[in-house]
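Asks: Got a structure here, written out as structure tokens. Questions coming.
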Amino acid sequence: MDDLFERTILIVDDEVVNREILGTIIQSEYKVIYAENGKEALDKIHANGRAISLVLLDLLMPVMDGNEVLKTLGEEGIINDIPVIVLTSDKSSEIESLKFGAADFLTKPYDFPEVILARVRHSIQLFENSKIIHATEFDKLTHLYSPEFFFEYASQFDQRFSDKAMDAVAVNFTRFHLLNQLKGRGFGNEVLEKIADGIRNALLKTGGIAGRNEADSFYLYVPHQDDYKIIVQEINNSLSSILKPSEIRLRLGVFSDTESAFPMVQRFDHALQACNSLRANTLGSSDICIYDDKMAEKEVFDAHLLQDFETAIEQKQFKVVYQPKFNIKGEKPVLCSAEALVRWEHPELGFVRPDLFIPLFEENGLVTKLDCYVWEESARQIRKWKEELGRTIPVSVNISRVDIAAPDMTDFITKIVKENALTPGEYHLEITESAYTSDSKHIIEVVKNLRSLGHKVEMDDFGSGYSSLNMLTSMPIDVLKMDKAFIRNIQPGNKDMKLVELVLDIAKNLNLQVVAEGVETEEEYKMLKEAGCDIIQGYYFSKPIPPNEFSRFV
């Protein structure tokens, strides 16, 4: 037998003859060590630890008998790590030994050597298999059930108690990845442990089971409740020892299937959908959402969109529209560029709003294919305007975090620019602020490369995310696009206007142009112009329009 996998058996018996008989039988397959009494056995167990695969333990011995050894192993938790087969000629002592954790018995006088070896093999195999199963049964960090065992136990519960109404619950800590970035992975793990503690406390009051699904996502299967605040409260209480109330951002989704009409996994998919429907930017310290008919309709609607995506690309159902941008530095506004935006004209559903399909495609990995479609259409349109109007209208296209992660993105953009006889300077790139904060090192490398090729890069939606102002000094960009939330409430001299002026001053010192998005009124236009804004985009000048209507601005 390979020494690496050699198993050690400890034989404990005060009689030399019995030790030698068992040793002779067992040493053909195992390494054997001996002890003459219970105290010596404990010393050898402590010295060898988990290197011992099995203990053959006589009950009647001097100094310390077998039951005392079993009791001590139980108190120290060792009985869970090493199986014990009791050696006895007294049948009546078996019950007491079982109470202390014995795995099996060998009756004196001993059976045939083959029988003894078979029982030893069987005990070791059962114990090792049990440990393997136990190791995968629980999540190592939180000690809640792993996903596989969670669903198995939940299904078994349904089979045994088919008349009991149960709810699927999904719990999530919002923006957990930011917490990891700000305070480190060790602290993030501590947060997950505290969430698990809170869940266990809640289950003591509600009943049910819980598992860790993945990362910061947890599942609970509990008897139907009318109010789930108890779960949120217990988790909040647990987290309050390491987080401020303002830092605790839980969301909880519930799916009630009182008739058990849906498969178990689908119930939790619905609960997770309800949980995810709670937008991070609309959450209070915590929030709860119940899966309802409206969500069911949305699920069907989303499935319809996903199913029709490829056909929509092939049939060019996606229409690229362009919103003009005007330079307002001079006496009169002058058209300087446009932003490409996508709309979906579905043959059955009619006009589908971008906020309905773009997040869906981001979640399902389709957004890059849609973006590539928009990028190609935009490059062709720049070329067409050059040919028809005799001048260049630069167009900016949106690039998502998912796009930047694609290894061939830069090559694809370079290819379509070249195919349409454009210069990189005519093809602008808008990268949302949140992309810079998610993986700044990689983003900086990609953006530096794009700028070195000659593209103008704009930071889109500045002010809508979590970036700091000093971040601008390290980000390779040419243009800052202020999110429309910046100017929504501006009035002469108010705080919102002073913030806009501050951003404009910072951008000027960093040699960045500023585009104000979402400008809708003449008053907003005049205040921004007076404050020194460079470029304006919004309904004040024009909504996004088809390319054939664009010539009126030239």
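Asks: Long-range amide H contacts for D257: which residues qualify at under 5 Å (H placed 1.01 Å from N, peptide plane, sequence gap of 5 or more or a different chain)?
Replies: Sorted by chain and number, the residues that satisfy this are M166, A168.
Asks: Give the shape of the range 440-554 as rounded, prolate or oblate, defined through the alpha-carbon gyration tensor: a ≥ b ≥ c are the square roots of its eigenvalues, a/c under 1.5 means rounded, and otherwise the shape is prolate if a/b is larger than b/c and oblate if not.
Replies: Values: a/c = 2.13, a/b = 1.19, b/c = 1.79.
Oblate, because a/c is 1.5 or more while a/b does not exceed b/c.
Asks: Quick one: which residues, 5 or more positions from F100 or on another chain, have an amide H under 5 Å from its amide H? H modelled 1.01 Å from N in the peptide plane, none for Pro or chain starts.
Replies: Hits under the 5 Å cutoff: none.
Asks: Ok, one more. Given Cβ point charges of +1 (Lys, Arg) and -1 (Asp, Glu) and nothing else, what value in debye, to the nearest 20, does the dipole of the chain about its Cα centre take? It would help to have the intermediate numbers written out before the result.
Replies: Details: 61 positive and 89 negative charges, 498 e Å.
Dipole of the chain, to the nearest 20 debye: 2400 debye.
Asks: Here's something else I'd like to know. Can you bin every Cα-Cα distance in the range 109-188 into 5 Å intervals starting at zero and give me the percent of pairs per bin, rounded to whole numbers?
Replies: 3, 10, 11, 12, 12, 12, 11, 9, 8, 4, 3, 3, 2, 0
Asks: For F541, F357, F351, give me the order by solvent-accessible area with a 1.4 Å probe, most accessible first, ignoring ligands, DNA and RNA. Spell out each step's value before the answer.
Replies: Working: F541 50, F357 0, F351 120 Å².
These residues rank, largest area first, as F351, F541, F357.
Asks: Under the rule a/c < 1.5 gives rounded, and otherwise a/b versus b/c splits prolate from oblate, where does the range 166-273 land using the Cα gyration tensor?
Replies: Numbers: a/c = 2.39, a/b = 1.69, b/c = 1.41.
Here the range 166-273 falls in the prolate category.
Asks: Another question about this same structure. How large is ³J(HN,Hα) for each residue in the range 228-240, as worked out from phi by the Karplus curve 6.51 cos²θ - 1.76 cosθ + 1.60 (θ = phi - 60°), to whole Hz, x for Gly and Pro?
Replies: 9, 5, 4, 5, 4, 5, 5, 5, 4, 4, 5, 6, 5
Asks: So who's got an amide H within less than 5 Å of the one on K319, skipping anything under 5 residues away but keeping other chains? H placed 1.01 Å off N, in plane.
Replies: R343, W344, E345
Asks: Could you work out the relative contact order of the range 1-153, using alpha carbon pairs under 8 angstrom and six or more residues apart, expressed as a whole percent? Spell out each step's value before the answer.
Replies: Working: 198 pairs, mean separation 26.8, N = 153.
It rounds to 18 percent for the range 1-153.
Asks: Taking a cut-off of 18 Å between Cα atoms, list the lysines near K244, but don't count ones fewer than 8 places away on the same chain.
Replies: Correct list for K244: K183, K194.
Asks: Show me, for the range 519-531, the HN-Hα J-couplings you get by feeding each phi into the Karplus relation (A = 6.51, B = -1.76, C = 1.60, θ = phi - 60°), rounded to Hz, glycine and proline as x.
Replies: 6, 10, 10, 5, 5, 4, 4, 5, 5, 5, 5, 5, 6
Asks: In whole percent, what relative contact order does the range 476-531 give with Cα contacts below 8 Å and a gap of six or more residues?
Replies: Numbers: 50 pairs, mean separation 26.5, N = 56.
Contact order relative to length: 47 percent.
Asks: State, to one decimal in nm, how far the label point of A51 lies from the label point of K495, with both points 7 Å from Cα in the Cβ direction.
Replies: The modelled label-to-label distance comes out at 6.9 nm.
Asks: Kindly identify the range 130-173 as rounded, prolate or oblate by the Cα gyration tensor criterion: order the square roots of the eigenvalues as a ≥ b ≥ c, call it rounded if a/c is under 1.5, otherwise compare a/b with b/c, prolate if a/b is larger, else oblate.
Replies: Numbers: a/c = 3.88, a/b = 1.37, b/c = 2.83.
Oblate, because a/c is 1.5 or more while a/b does not exceed b/c.
Asks: If you keep only loop residues by DSSP, which trypsin sites (Lys or Arg not before Pro) in the range 275-368 have at most 12 other Cβ atoms within 10 Å of their Cβ? The partial results should precede the final answer.
Replies: Working: sites: R279, K294, K298, K316, K319, K325, K329, R343; in loops: R279, K316, K329.
Loop-located and lightly packed - R279, K316.
Asks: Here's something else I'd like to know. In terms of solvent-accessible area of protein heavy atoms at a 1.4 angstrom probe, what is the ranking of R353, R160, R391, highest value first?
Replies: Values: R353 115, R160 180, R391 85 Å².
Heavy-atom accessible area, descending, gives R160, R353, R391.
Asks: Which of the listed residues, T432, A312, A421, is farthest toward the dipole's positive end in the range 301-460, when Lys, Arg count +1 and Asp, Glu count -1 at the beta-carbon?
Replies: My answer, from the dipole projection, is A421.
Asks: Applying 1/(1 + (r/R0)^6) with R0 = 45 Å to the Cβ-Cβ distance of E549 and H177, what FRET efficiency is obtained, to the nearest 0.05? Kindly include the intermediate steps, with their values, before the conclusion.
Replies: Numbers: r = 42 Å, r/R0 = 0.93.
After rounding to 0.05, the efficiency reads 0.60.
Asks: Oh, and also: Leaving ligands, DNA and RNA out of it, report the carbon-plus-sulfur percent of the accessible area of the range 108-192 at a 1.4 Å probe.
Replies: Numbers: 2890 of 5020 Å².
Roughly 58 percent of what the probe reaches on the range 108-192 is carbon or sulfur.
Asks: Number of Lys-Lys pairs in the range 23-176 under 15 Å by Cα, sequence gap 8 or more or different chains?
Replies: Values: K31/K44; K39/K71; K71/K99; K91/K99; K91/K108; K131/K140.
Close lysine pairs under the 15 Å cut-off: 6.
Asks: At a Förster radius of 41 Å, what calculated FRET efficiency corresponds to the Cβ-Cβ distance of V265 and E6, to the nearest 0.05? Before the final figure, lay out the partial values.
Replies: Working: r = 43 Å, r/R0 = 1.04.
Efficiency for this residue pair is about 0.45.
Asks: Using the charge dipole of the chain (Lys, Arg: +1 at Cβ; Asp, Glu: -1 at Cβ; taken about the Cα centre), state which of L73, I230, I116 has its Cα farthest towards the positive end.
Replies: Positive-end residue among those listed: I230.
Asks: Right, another one. Averaging over all projection directions, find the projected area of the Cα convex hull of the range 17-114 and quote it in nm² with one decimal place.
Replies: Numbers: hull surface 23.9 nm².
Mean orientational projected area (the range 17-114, Cα hull): 6.0 nm².
Asks: So what is the accessible area of the chain per residue, in Å², with the probe set to 1.4 Å?
Replies: On the way: 28080 Å² over 554 residues.
Accessible area per residue, the chain: 51 Å².
Asks: Separate question: Considering only Q181, I477, N398, whose Cα is most displaced toward the positive end of the charge dipole of the chain, charges sitting on Cβ of Lys, Arg (+1) and Asp, Glu (-1)?
Replies: Positive-most Cα among the choices belongs to I477.
Asks: Then there is this: Assuming 0.36 nm per residue, please report the length gained on full extension of the stretch E214 to T24 beyond their Cα-Cα distance.
Replies: 63.3 nm
Asks: Compute the semi-axes of the equivalent ellipsoid of the range 213-365, taking the square root of 5 times each eigenvalue of the Cα gyration tensor, and list them largest first in whole Å. Provide the component values of the computation, followed by the final result.
Replies: Values: eigenvalues 306, 128, 26 Å².
Ellipsoid semi-axes (Å, largest first): 39, 25, 11.
Asks: So, with +1 on the Cβ of K and R and -1 on the Cβ of D and E, and no other charges, what is the size of the charge dipole of the range 44-154 about its Cα centre, to the nearest 20 debye?
Replies: Values: 10 positive and 17 negative charges, 44 e Å.
Its charge dipole is roughly 220 debye.
Asks: From the cross-link list K441/K495; K319/K386; K456/K529; K418/K529, which pairs have alpha carbons spaced over 30 Å apart? Numbers along the way, then the final one.
Replies: Working: K441/K495 34 Å; K319/K386 20 Å; K456/K529 23 Å; K418/K529 36 Å.
The pairs that break the limit, which is 30 Å between Cα atoms, are K441/K495; K418/K529.
Asks: With the cut-off at 22 Å, tell me which of the pairs K481/K508; K448/K484; K484/K508; K298/K543 have Cα atoms farther apart than that. Write down the numbers at each step before the final one.
Replies: Values: K481/K508 13 Å; K448/K484 27 Å; K484/K508 19 Å; K298/K543 28 Å.
Among K481/K508; K448/K484; K484/K508; K298/K543, the Cα-Cα distance tops 22 Å for K448/K484; K298/K543.
Asks: With charges set only on the Cβ (+1 for Lys and Arg, -1 for Asp and Glu), what does the dipole of the range 149-279 come to about its Cα centre, in debye to the nearest 20? The partial results should precede the final answer.
Replies: On the way: 15 positive and 16 negative charges, 116 e Å.
Dipole magnitude for the range 149-279 comes out near 560 debye.
Asks: Please work out which option in (i) 22.8; (ii) 36.2; (iii) 26.5 gives mean projected area of the Cα convex hull in nm² calculated from these coordinates, and answer with its label.
Replies: Calculated mean projected area of the Cα convex hull in nm²: the matching label is (ii).
Asks: What list of ³J(HN,Hα) values in whole Hz, one per residue of the range 145-156 in order, does the Karplus curve 6.51 cos²θ - 1.76 cosθ + 1.60 (θ = phi - 60°) give from phi, with Gly and Pro shown as x?
Replies: Listing the rounded values in order: 4, 6, x, 4, 6, 4, 5, 5, 5, 5, 5, 4 Hz.
Asks: Compute the distance in nm between two label points, each set 7 Å from the Cα along the Cα-to-Cβ direction, one at N449 and one at K316.
Replies: 3.1
Asks: Over the chain, what relative contact order in percent results from Cα pairs under 8 Å that are six or more residues apart? Kindly include the intermediate steps, with their values, before the conclusion.
Replies: Working: 844 pairs, mean separation 42.7, N = 554.
Relative contact order for the chain comes out at 8 percent.
The values are calculated or read from the model by the stated rules, or taken from the named source; none is laboratory data. It should be emphasised that the depicted structure is a prediction, and the values quoted were computed from it without experimental measurement. Methodologically, a virtual Cβ is constructed for each residue, glycine included, from the backbone with ideal geometry; neighbour enumeration extends over all protein chains shown. Please note that ligands, DNA and RNA were not included when accessible areas were found on the heavy atoms of the full protein model with its side chains. Shrake-Rupley method; radii C 1.70, N 1.55, O 1.52, S 1.80 Å.
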